[in-house]
Amino acid sequence: MAPLSASPATAGVSPSLRPSLVAYKKAAGLIPSPWCGWRRAAVATAATSSNRTAPAEIIVTGNDVPLLSFAEVAERLDEFHASGTRNQNYMAMYSSIFGGITTNPSAMMIPIDDHMVHRGHGVFDTAAIMNGHLYELEQHLDRFLKSASMAKITLPFDRSTIRSILIQTVSASKCTQGSLRYWLSVGPGDFQLSSAGCANSALYAIVIESPLLPVPAGCKVITSSIPIKSQQFAVMKSVNYLPNALTKVEGEENGGFTGIWLDDEGFVAEGSNMNVGFVTQSKELLMPRFDKILSGCTAKRVLTLAKQLVADGRLSGISSRNVSVQEGKAADEMMLIGSGILVKPVVQWDDQIIGSGKEGPIAQTLFSLILEDMRSGPPSVRIPISY
Ligand SMILES: Cc1ncc(COP(=O)(O)O)c(C=O)c1O
């Protein structure tokens, strides 16, 4: 078996700079000075080349795959992070594997033998960070722990410890606006299918800074051709999001924002990672029932906040029931609802223009109400972070 660190003959010299590879890289215009320079060149080539696999082949060709020490791996991870490949700013990560928080993005890793990685045996959830407060953390935590129970994941800590870890991670991040994402996994141990060999379940959390707020701009959606998850899997927030990702991609490929799923009876279900709401012609706020889809924390909060629009006469009522495609497409307004987008008006569904074809007034008002709730809502939805 190959040694895990450089042999004495090459000690002190990065194995990645062995002569044959250096010559090859020089010939290819990938001068290693320092070694990370050629990697940057390779990345640049990847971005411009029509054969996008070529640079990867340069790195892994034949016998030239470098054997790296732990320090060299760390160095390369730093370089990977510095290369700008990541689009978001990762401010802090907690891992129960190393039992602490790091603010170094290069160290934000999870073990490859974690069953969440190779079997999808994990669940996750999120919470927005707004003005130094966590929004609806308790509500998201309820769903998180319910998902874990449905996925037969034993909790590594009790609820109050998990809550405390999440809050401490946000505190360590110093992030005042962004999002917190967290995962519970059956844990690492082996590459079997059964989790019997996983000694301990794992908790991971990451804080992502996002200075920009969503805007309630109108969008187009399309009916998804990707099969919806069965009820058992749709109501839990597991890491098995391939159908969701493909629905999103399909929506984008068709010039839309996302795809909309119909349920097994043909009723409106939900979007790729958001719920759907309508304002009917009789001014009723209408949402599909949550029994076959994910129970959205934002959608539930919208249902509560919308009561004031019933009180002031802008809505005639609020209801949660089956919604046919015909009724949905004939609605005065349609909107997507979720913690990433808050409330996003839909102005076109497939070929059907919704309502006036412009962002609806109720959707825009609900967006403002949710945003206001995030900024100054009651303590039941806002947990202050001490930094
Ligand atoms: C499938 C699905 N439906 C709905 C939602 C909306 O849920 P929330 O408002 O809690 O973000 C999400 C969000 O992640 C989702 O993934």
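Coordinate-derived values only; no laboratory data. All values derive from a computational prediction rather than experimental measurement. Cβ placement follows ideal geometry from the backbone for every residue including glycine, while neighbour counts extend to all protein chains displayed.
For the reader, a short list of remarks on this structure follows.
- A simple spin-label model places the labels of Arg289 and Ser316 2.2 nm from each other, with each point 7 Å out along Cα-to-Cβ.
- Equivalent ellipsoid semi-axes - Cα gyration tensor, the range 89-209, angstrom: 24, 16, 11
- Residue by residue, the range 117-124 carries 3J(HN,Hα) couplings of 6, 9, 10, x, 8, x, 10, 8 Hz when phi is fed to the Karplus relation 6.51 cos²θ - 1.76 cosθ + 1.60 (θ = phi - 60°); x denotes Gly or Pro.
- Couplings 3J(HN,Hα) of the range 128-144, computed from phi: 7, 10, 9, 6, x, 10, 8, 9, 6, 4, 4, 5, 5, 5, 4, 5, 4 Hz, in residue order, whole Hz [Karplus 6.51 cos²θ - 1.76 cosθ + 1.60, θ = phi - 60°; x for Gly and Pro].
- Sum of side-chain charges, Gly132 neighbourhood, beta-carbon under 14 Å (Lys, Arg +1; Asp, Glu -1): +2
- Label positions at Gln308 and Leu242, each projected 7 Å from the Cα along the C-beta direction, are separated by 4.5 nm.
- Taking each of Lys220/Lys248; Lys220/Lys329; Lys237/Lys358 in turn, the alpha-carbon distance tops 22 angstrom for Lys237/Lys358.
- Each Lys or Arg adds one and each Asp or Glu takes one away; over the other residues whose Cβ falls under 13 Å from the Cβ of Tyr90, this sums to +2.
- Potential lengthening between Arg159 and Val65 on full extension [0.36 nm per residue; Cα-Cα distance subtracted]: 29.4 nm
- Electrostatic bookkeeping for Pro345 treats Lys and Arg as +1 and Asp and Glu as -1; over the other residues with beta carbon under 12 Å from its beta carbon, the sum is 0.
- Of the chymotrypsin sites (Phe, Trp or Tyr not before Pro) found in the range 152-204, those that fall in a DSSP loop while having at most 12 other beta-carbon atoms within 10 Å are Phe191.
- Nitroxide proxy distance, nm - points 7 Å out along Cα→Cβ at Asn89 and Ser225: 4.1
- Between Ser356 and Glu327, the contour length at 0.36 nm per residue exceeds the alpha carbon distance by 8.9 nm.
- Estimated FRET transfer efficiency (Phe233, Glu253; beta-carbon r; R0 22 Å; 0.05): 0.35
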